[in-house]
Amino acid sequence: LQMTLFEKMAGDLSGVCTKNEELFESNPNEVTLRVICETYRMLEQYDKVIEVLTKNEKATKLMVDVTPKNKSIHIAKLSALAKLNDIPQTKALAEELKKYINVNEKFEIQMILMNLYREVKDVVAMEKVKVELLETLDELDEKDYIKERYRSQLKEIGNV
């Protein structure tokens, strides 16, 4: 992932996807699947994230159930669905993930949902998630100044 980020910053993306795809195909596991998903996310190719996770047989086998090893990949899928403005699938996956997540992941998922609702201009849903985010913020195991920074950013989005 660091190499992918470096190549992205250098503007040399010619082989990064191919290399990461080959890595996954030769050694299909949760780590190599996450690498390819995060590569596509970094490159803002959200449709490719969904394509890999739904059409690649090796990937779908790794994603049957939510496990500690693949939970971050499910969250990557959620993020990609949200970026593609797929509200029904995003909501369904977020609801499913609620059974398996810790407070930090809950916060991440709520941020994804809030940004989706903001993007599609669903102010009612966005405000509801923003209230939940502010409540979750108090539960986070973070320094107070980080929590305050999040709180300020959330309040700038609109009135709660």
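The values are calculated or read from the model by the stated rules, or taken from the named source; none is laboratory data. Bear in mind that the values here come from a model prediction, so they are computed numbers and not experimental data. Positions of Cβ are generated from backbone atoms using ideal geometry, with glycine treated the same way; all protein chains shown enter the neighbour counts. Note: accessible area is taken over every heavy atom of the protein model, side chains too, but ligands, DNA and RNA are not part of it. Shrake-Rupley method; radii C 1.70, N 1.55, O 1.52, S 1.80 Å.
Where helices (runs of 4 or more DSSP H) sit wholly within segment 1-70, those with at least 3 residues that are modelled with pLDDT of 90 or more and under 15 Å from the mean Cα position of the chain (by Cα) occupy 30-42, 46-55. Screening Asp86 with (1) open to solvent by less than 100 Å² (accessible area, probe 1.4 Å); (2) of a type in the set (Asp, Glu); (3) over 22 Å from Glu44 (Cβ atoms) gives one miss only, at (3).
Kindly establish whether Lys91 is open to solvent by 70 Å² or more (accessible area, probe 1.4 Å), among the basic types (Lys, Arg), in contact with an Asp or Glu (Cβ under 9 Å, 6 or more places away or on another chain) and part of a helix (DSSP H, G or I).
When the stated conditions are applied, Lys91 does not pass them.
Among the numbered conditions (1) open to solvent by 60 Å² or more (accessible area, probe 1.4 Å); (2) of a type in the set (Val, Ile, Thr); (3) in a helix (DSSP H, G or I), the only one that Ile75 does not meet is (1). Applying the condition of being open to solvent by less than 80 Å² (accessible area, probe 1.4 Å) and basic (Lys, Arg) to segment 125-160 and asking which residue is nearest to Thr90 (Cα to Cα) yields Lys130.
Pairs meeting the criteria (first residue in segment 112-133 and basic (Lys, Arg), second residue open to solvent by less than 20 Å² (accessible area, probe 1.4 Å) and in a helix (DSSP H, G or I), beta carbons under 7 Å, at least 6 apart or on different chains) are Arg118/Met126; Lys130/Met114; Lys130/Leu154.
Set side by side, the residues Ile87, Ile109, Ile73 differ, and just one is within 23 Å of Asn29 (Cα to Cα) and either without any contact (Cβ under 8 Å) to a residue 24 or more places away in the chain or not charged (D, E, K, R) (or both), which is Ile73.
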